[in-house]
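Trainee: The structure is given below, and queries will be raised subsequently.
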Amino acid sequence: MDEIVEILTEDGKKIGKRIDKSIAHKESLCHGISVIALINKDGKLLIQKRSLNKKTEPNKWDLSGAGHINIDETPEQAGVRELFEETGIKVKTEELKLIDTYLNKVKLDNNTFINHFTYLFLVQKDININNIKMKESEVSGAIFIDKKKYIELFNNKEMVEAIKYCNKVLDYMN
């Protein structure tokens with residue numbers, strides 16, 4: 001059995017239906033994800049490289065942490081959980097600042113549909129990159145980047161497709 005997700009309207013409202021995530025993707029049913037942008041005191045953003053094992057967009061750069069919202073979680077709790085699972089970085093829900101919500105809807109090459117109502121959170125925290133504990137099945141690398149490098153990676157299509165919705169992160173970067 002896959003993860004169970006809550007089905008949402010495309011403006012983020014619950015409709016009272018829960019379903020396996022794989023079915024939601026197959027049938028293009030909207031469900032929630034949380035994305036964390038961790039920025040240090042120097043205004044640099046932590047990005048992670050998706051593992052080659054990922055089903056979607058392997059080996060592309062993504063924000064600091066991201067993942068599906070489980071049925072009994074708030075978007076904040078999901079963001080905290082995903083950041084820790086993928087990188088070993090601990091933050092508290094109180095440290096998160098919601099900076100945007102958006103709908104990411106796209107059909108992928110493998111007949112999978114992404115229909116995510118996304119909560120984009122900012123957390124400002126200094127961490128030692130050498131202390132990151134990457135979950136190898138999810139993440140193959142992590143670096144801090146400045147705004148110039150972010151734009152370069154974006155323009156070279158080295159970042160995940162959904163990054164096009166994350167421009168508000170640039171407002172917090174140097």
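Trainee: Separation between the N40 and N128 pseudo-spin-labels, each 7 Å from Cα along Cα→Cβ, expressed in nm?
Mentor: Modelled inter-label distance: 1.2 nm.
Trainee: Express the relative contact order of the chain as a whole percentage, based on alpha carbon pairs under 8 Å and six or more residues apart in sequence.
Mentor: On the way: 369 pairs, mean separation 47.9, N = 174.
Relative contact order of the chain: 28 percent.
Trainee: Report the antiparallel proportion of the DSSP beta bridges in the chain as a percent, rounded to a multiple of 5.
Mentor: Within the chain, antiparallel bridges account for around 75 percent of the total.
Trainee: Students often check this: by mean Cβ neighbours within 10 Å, which of 68-79, 48-59 ranks highest, and how do the rest follow? Walk me through the intermediate numbers first.
Mentor: On the way: 68-79: 18.8, 48-59: 15.3.
The packing order, highest mean first, is 68-79, 48-59.
Trainee: Taking the radius of gyration and the Kirkwood hydrodynamic radius from Cα positions alone, what is the Rg/Rh ratio for the chain, to two decimal places?
Mentor: Values: Rg = 15.3 Å, Rh = 16.2 Å.
Expressed as Rg/Rh, it is 0.94.
Trainee: Then there's this: Which order do T9, T93 fall in if you start with the one that has the fewest other Cβ atoms within 10 Å?
Mentor: T9, T93
Trainee: Using a 10 Å cut-off on Cβ atoms, rank the peptides 153-166, 109-122, 14-27 from the highest mean neighbour count down.
Mentor: Highest mean packing first, the order is 109-122, 153-166, 14-27.
Trainee: Starting from the Cα of I151, step 7 Å along the direction of its Cβ; do the same at K107; then give the gap between the two resulting points in nm.
Mentor: Once both label points are built, they end up 3.5 nm from each other.
Trainee: Which angle between 0 and 90 degrees, to the nearest 10, do you get for helix 75-87 versus the longest principal axis of the chain when only C-alpha atoms count?
Mentor: 60 degrees
Trainee: Label-point separation (nm) for R18 and D100, each offset 7 Å from Cα along Cα-to-Cβ?
Mentor: With each label placed 7 Å out from Cα toward Cβ, I get 3.1 nm.
Just so you know, all these numbers are worked out from the coordinates, no wet-lab data involved. Since this is a predicted model, take the numbers as computed values, not measurements. Note that each Cβ is placed from the backbone with ideal geometry, even for glycine, and that neighbours are counted across all protein chains shown.
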